[in-house]
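Visitor: Next up is a structure, given as C-alpha cells.
The values are calculated or read from the model by the stated rules, or taken from the named source; none is laboratory data. Treat the numbers as computed from the prediction; the structure is a model and nothing was measured. Cβ placement follows ideal geometry from the backbone for every residue including glycine, while neighbour counts extend to all protein chains displayed.
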Amino acid sequence: MELPALYFDVLNTSAAEGIYVENGVPEIGSLGAARDGSVGFDIIAAVSAWPTALTEIVDYAETYIYINDVLAWDDEGFKAGFSGTVEDVGQPEDYERNVVRFVIDHSDTWSSEQVVSVRVVSKTRIPDLG
Amino acid sequence: MPASLLIGGHAAGRIQPTNWTPPGGEWCYLVGADSDGIIEEIEDGEESGIEQSIDLTGIFMIVFAMKFRQTSTPGRTFRLSVRIDDTEWFGFSIPTGTTVEYVRRAINATRFTGVHNVAFMIKEASGS
C-alpha cells in the first residue's frame with residue numbers, strides 16, 4: 001500500500017491559563033473552503049484549578065456562537081437556519097466540558113468567495129477566570 | 001525527539017521535507033513517506049510515530065502545526081493521533097487520497113504535572 005505522511009512542526013507548549021477557541025475547521029484565515037461545508041472549532045478551558053465539586057468547566061449559560069453576526073447557538077440550542085453538534089470531547093473523563101467541540105451547519109449554501117465570520121462568547125464557571 | 005518506530009521500512013524523524021513548507025522553518029518531523037507513491041507492505045494495525053518525554057508541569061496546552069496525507073490505496077486508511085501516556089487526546093482520520101494541513105492545533109494538557117510521554121502517531125486502521 002502507499003505510505004501516508006504525517007508532518008508536524010512548531011511544537012510549543014503554552015503556560016497561559018484561560019479559555020480559548022482552537023482547532024478551527026476550516027482554519028481561521030483559510031481559503032477555498034466548501035460552500036456547503038460546516039464550521040467547527042473547540043472551546044478549550046485550560047485552567048489549573050477549580051472547586052472539586054465543579055465538573056462542568058465551560059459555562060453553556062454564558063456561551064453564545066455568532067456566525068456572520070447572527071446568533072447560531074446558545075444554551076437553548078441551535079437557532080433557525082443552523083444545525084449541528086455540540087460535544088464534550090475533553091479529557092480526562094472526571095471533569096466535564098474542559099474541551100467542547102462545536103460543528104455548525106448552515107441551512108443555506110454560502111456565496112462564492114464569501115467570508116464567513118465566527119464569534120464565540122464564552123466563559124468558564126470558575127470565578128475570576130472568565 | 002528520537003525516531004521511535006519504523007513503518008514500511010521508513011524511519012520516522014526530523015527532515016527537510018519536499019512536500020510541505022513547515023511554518024517554523026525548513027525542518028519538521030515526519031512519520032511515513034515525504035514522497036507520494038511510495039509502496040510498502042503494511043500490516044493491519046501497524047503503527048509508527050515519534051515520541052518524547054516532556055515535563056508538562058505548568059503547561060496548559062500543547063500546540064503544533066501539521067499536515068496529514070492519507071494513503072491513496074483503496075480500502076486502506078490511517079488514523080492520526082496525538083497520545084499522552086498512550087491515551088489519545090487528539091486524533092482523526094480522513095478519506096483515502098486526501099490531505100489536510102493546519103497551521104495550529106491545540107491539546108488541553110491541563111491535568112498533567114511531571115514528565116509524560118507525548119507521541120505523534122499514525123496507525124493503519126482499515127479494520128477499526
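Visitor: Is there any pair linking a residue in region B:99-122 that is closer than 22 Å to A:Ile28 by Cβ to one that is surrounded by 15 or more Cβ atoms within 10 Å (Cβ to Cβ) and of a type in the set (Ser, Thr, Tyr), with Cβ under 8 Å and at least six apart or on different chains, and which?
Guide: What qualifies is B:Ala106/A:Ser14; B:Ala106/A:Tyr20; B:Ala109/A:Thr13.
Visitor: Still on this structure, please answer the following. How many of the residues making up region B:110-123 are crowded, with 22+ Cβ neighbours inside 10 Å and over 12 Å from the mean Cα position of the chain (by Cα)?
Guide: 1
Visitor: Specify which of the listed residues (B:Ile54, B:Ile50) is facing chain A (nearest Cβ under 9 Å), surrounded by fewer than 21 Cβ atoms within 10 Å (Cβ to Cβ), of a type outside the set (Phe, Trp, Tyr) and in a strand (DSSP E or B).
Guide: Matching residue, one of B:Ile54, B:Ile50: B:Ile54.
Visitor: Right, here's the next one. Taking B:Asp86 and the conditions (1) under 30 Å from A:Glu17 (Cα atoms); (2) within 10 Å of chain A (Cβ to nearest Cβ), which numbered condition does it fall short on, given that it satisfies the others?
Guide: B:Asp86 satisfies every listed condition except (2).
Visitor: Any idea which residue in region B:22-45 is surrounded by the fewest Cβ atoms within 10 Å (Cβ to Cβ), counting only those that are facing chain A (nearest Cβ under 7 Å) and of a type in the set (D, E, K, R)?
Guide: Among those residues, the one meeting the criterion is B:Glu40.
Visitor: Looking only at region A:45-61, decide whether some residue is facing another protein chain (nearest Cβ under 10 Å) and at pLDDT 85 or above.
Guide: Yes, there is a match, as at least one residue in region A:45-61 is facing another protein chain (nearest Cβ under 10 Å) and at pLDDT 85 or above.
Visitor: Go through (1) more than 9 Å from chain A (Cβ to nearest Cβ); (2) under 19 Å from A:Glu22 (Cα atoms); (3) basic (Lys, Arg) for B:Arg79 and report which single condition fails.
Guide: Only one criterion is unmet by B:Arg79, namely (2).
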